[in-house]
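Quick note: the coordinates plus some simple rules give every number you see, no bench work behind them. Every value quoted in this text rests on a predicted model; they were computed, and no experiment measured them. Virtual Cβ from ideal backbone geometry, glycine too; neighbours counted across all protein chains shown.
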Amino acid sequence: MQSIIVIGAGLSGIAAATDLHAAGHAVTVLEKSRGISGRSATRRWEGAVLDHGAPFFTARGERFTTLIQALEEAGAVRVWTKGFHQWRDGALTAPSDSHPRYIASDGMNALAKHLRGTSATFTLEVGATVTGLEPSESGWTVTLATGETRKADAVIVSAPTPQALNLTRPHLEPVTLAALERVTWQPCWALLAQLRAHPKVDWRGVKLTHPVLEWASLEHTKRESSPALVLHANPAWSAAHLERTAEEIAPLMQAAALEVFGSDLEITQAVAHRWRYARADTLHPAPMLEQGSLIFCGDWCETDGYGTRVENAVQSGWAAASSLLGR
Ligand SMILES: Cc1cc2nc3c(=O)[nH]c(=O)nc-3n(C[C@H](O)[C@H](O)[C@H](O)COP(=O)(O)OP(=O)(O)OC[C@H]3O[C@@H](n4cnc5c(N)ncnc54)[C@H](O)[C@@H]3O)c2cc1C
């Protein structure tokens, strides 16, 4: 049995930890936030339930599809829609595909909990920010923001690459450093909005080609919630406005929504959320990256040709676990 620390309780970290624990290893997951699930995120706000990170997910690979089918049978996930409207140059067109888009029934942040399962499981510490790691005789010593340390034979870092580099840079071989530095990221400003009433529209989610917005979803069409809207700004606009405050961003995105949707949607209050590393646009061309007992995983690793999604975060975590188990 090995002791393994996983840094980050997003879907990749939880997937890795679950497999390693199932194989009999002593696993501890350290997560800096108060909750788990990372960018598969949900905020509850005055009766509204809003998925402000990944709004939905798809299932293509065999193992992931089997898992999702089991969760669907248990009622933990379900199909939200089978296609999205498109908005371009003022015109809204209906979906043409029929591919299922899933959501977690209780909010997208429940996905990590479902992945972890309910049986006796690994140790999870939340509010545990890792500030660095050092090699030790038998593995690694991980330091937390509190000054406490944890020792492990192996460490899996599941954070986006800029955050992973902050933790590990002094200990990386040139090839590992180059691989992590090659991955690039797009930011995303999200707007979480309360609506005055249930809008009389026939769409659930819309993909937009617009100078500001790229996505709109009516969150109350997913589950029990007061009328609520999530908007995502496109990568170029998000990058151009990245260092502005959430208070400055909210009215700008609200104005864009008014321009697109007019009086169909009446926003009563809104808050903006910045995802500095929303999605990778240059991916690492393998399911994970390893340097001895230090392993990196996450949705920035290519697993299935689709990339930077819920499914490939999970697949990358499984690949990281499988690499340790195969030794
Ligand atoms: C706006 C947006 C829209 C998206 N749309 C879709 C979509 O439509 N479909 C889809 O499938 N996917 C979508 N995604 C992508 C999906 O959310 C991600 O692919 C997936 O959640 C990534 O999981 P992960 O485990 O790789 O990373 P993360 O979720 O980022 O997990 C990393 C974890 O590490 C933690 N961490 C970081 N540093 C430290 C530290 N020093 N110490 C301790 N913990 C640390 C973080 O807090 C985080 O919980 C979207 C994401 C965003 C942001």
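Running a GNM on the chain with Cα contacts under 10 Å, which residue among L172, L71, L180 ends up with the highest mean-square fluctuation? Among L172, L71, L180, the largest GNM mean-square fluctuation belongs to L172.
Distances between every pair of Cα atoms in the chain, grouped in 20 Å steps from 0 to the bin holding the largest one, split as 32, 56, 12, 0 percent.
Length available on full extension from V79 to A23: 0.36 nm per residue minus the Cα-Cα distance, which gives 17.0 nm.
Computed about the Cα centre, the dipole magnitude for the range 1-77 is approximately 280 debye when only Lys and Arg (+1) and Asp and Glu (-1) carry charge, each at its Cβ. A protection proxy built from the mean count of other Cβ atoms within 10 Å ranks the segments 152-162, 199-209, most packed first, as 152-162, 199-209.
For the chain, modelled as a GNM whose springs connect Cα atoms under 10 angstrom apart, the maximal fluctuation among V314, V175, V29 occurs at V175. Separation of the range 196-235 from the range 51-127 is 16 Å, based on Cα centroids. Charging the Cβ of each Asp and Glu at -1 and of each Lys and Arg at +1, and nothing else, the dipole of the range 193-243 about its Cα centre rounds to 220 debye.
Here the translational diffusion coefficient of the range 21-178 follows from Stokes-Einstein with Rh set to the Kirkwood radius across Cα pairs; for 10 °C and 1.306 mPa s it amounts to 85 µm²/s. Listed by chain and number, the lysines whose C-alpha is less than 27 Å from the C-alpha of K151, apart from same-chain residues fewer than 8 away, are K32, K113. Taking the longest Cα principal axis of the chain as reference, the axis of helix 246-261 is set at about 50 degrees. With a Förster radius of 35 Å applied to the C-beta separation of T66 and A240, the computed FRET efficiency comes to 0.25. About its Cα centre, the chain has a charge dipole of approximately 340 debye under the convention of +1 per Lys or Arg Cβ and -1 per Asp or Glu Cβ, with nothing else charged.
Sorting the Cα pairs of the range 196-249 by distance into bins of 10 Å, from 0 upward, gives 22, 42, 30, 6 percent per bin. The order of the peptides 255-265, 292-302, 30-40, 240-250 by mean Cβ neighbours within 10 Å, most packed first, is 292-302, 30-40, 255-265, 240-250. Think of the range 45-194 as having a plus end and a minus end, set by charges on the Cβ of Lys, Arg, Asp and Glu; of A159, I68, G53, I68 sits farthest toward the positive end of this dipole. With K and R counted +1 and D and E -1, the other residues having a Cβ less than 13 Å from that of V77 yield a net charge of 0.
Length gained on full extension, T146 to Q86: 16.8 nm, using 0.36 nm per residue less the C-alpha separation. Placing unit charges on the Cβ atoms of the charged side chains and taking the dipole of the range 264-327 about its Cα centre, the candidate lying farthest along the positive direction among T268, Y306, A321 is A321. The angle between the Cα long axis of helix 310-325 and the main principal axis of the chain comes to about 10°, on a 0 to 90 degree scale. Note on the chain: GNM, Cα springs under 10 Å; of N166, N312, N234, the largest mean-square fluctuation is that of N166. Within the shell of other residues whose beta carbon sits under 15 angstrom from the beta carbon of A286, the net charge comes to -3, with Lys and Arg scored +1 and Asp and Glu -1.
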